[in-house]
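First the structure, in the form of structure tokens, and then the observations on it.
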Amino acid sequence: MKKEKVVLITGATGAVGKAVSAHMAAAGYRLVLTARSHESLIDLASQLRMDKDRVMTYPADITDSDSVHQLFAAIEKRGSGVDILVNTAGGWKGGKPLEDVTDAEWDATLRLNLQTAFLVNRAVIPHMVQRKWGRIINIASKAAVSPGPRQAAYNVSKTAVIALTQSISVEYRRKGIAANVILPSIIDTPTNRKQMPDADYSRWVTPGQLAELILFLCTEEGGSLNGASIPMYGTV
């Protein structure tokens, strides 16, 4: 039953994370919300108007292995485990041709998008193996299959998230775990609107549309998709 399923949402206070949290709460799931800011997490939990025993907030830097370990130790201490991972953490970095990208900039982008996915996916799998059921949804980007210019590290990091997700799907499909990755194009967020003020926002993918797809992937029926890279390009 949904009320017994626990969903871990990373990047929960971002635009997509908030939409997913609201949709999951409305659908009756129990939530574990994580992001860097404790205050933002508390504010989000308040907006969801959930019973305190149905939502857990835990600030964590999921680029750091120790921080991820502490997050899952807190989840285990609570006794809830994790049935579903919705990994919305990550972000765009770019703006330079490859020849001008520094080692530090390259490493930072891979840590933001790939290291976070690796650490959280690795940590959640034992919970799902124990339950013999699990859903993993990672967020990559259209750039993974149609790379844009002046963002080589971002393109590479998101392509690697696809490979990571597909690796999980083939390794754990017989353990009852379905792992899929969504490839959005431009998402309609306040940040993107600010950066592209002359764009036609109606053509972009909304956080709510992503959340609706994610809800389906969490169902029993959604489990028939495994290892899929799902494009959500809007009409851009």
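A short reminder: the numbers here are calculations on the coordinates, not readings from a lab. All of these numbers come straight from a predicted model, not from anything done at the bench. Cβ coordinates were reconstructed from backbone atoms using ideal geometry, including for glycine residues, and neighbour counts include every protein chain displayed.
Which one of 119, 31, 209 is farthest out on the positive end of the charge dipole of the chain, using unit charges on Cβ (Lys, Arg +1; Asp, Glu -1) and the Cα centre as origin?
Farthest along the dipole direction, towards plus: 31.
Take 72, 118, 216 and order them by how many other Cβ atoms sit within 10 Å, fewest up front.
Sorted ascending by nearby Cβ count, the order is 216, 118, 72.
If one takes the longest principal axis of the Cα atoms in the chain, at what angle in degrees, from 0 to 90 and to the nearest 10, does the Cα axis of helix 38-48 lie?
70
Just from its helices, what would the mean residue ellipticity at 222 nm be for the chain, if runs of 4 or more DSSP H residues each count -39500 (n - 2.57) and the sum is divided by every residue, rounded to the nearest 500 deg cm²/dmol?
Dividing the helical sum by the residues of the chain leaves -13500 deg cm²/dmol.
Dipole magnitude of the chain about its Cα centre, charges +1 at Lys/Arg Cβ and -1 at Asp/Glu Cβ only, in debye to the nearest 20?
Approximately 660 debye in magnitude.
Pop the C-beta distance of residue 74 and residue 194 into the FRET formula with R0 = 25 Å and round what comes out to the nearest 0.05.
0.15
Distances over 19 Å make up what percent of all Cα-Cα pairs in segment 48-175?
Considering segment 48-175, 54 percent of its Cα-Cα pairs are separated by more than 19 Å.
Report the one residue of 157, 63, 129 whose Cα lies farthest in the direction of the positive end of the charge dipole of segment 42-168 (charges on C-beta: Lys and Arg +1, Asp and Glu -1; origin at the Cα centre).
Highest projection toward the positive end goes to 129.
Which of 174, 111 comes first, and how do the rest follow, when ranked by fewest Cβ neighbours within 10 Å?
Ranked by crowding around the Cβ, least crowded first: 174, 111.
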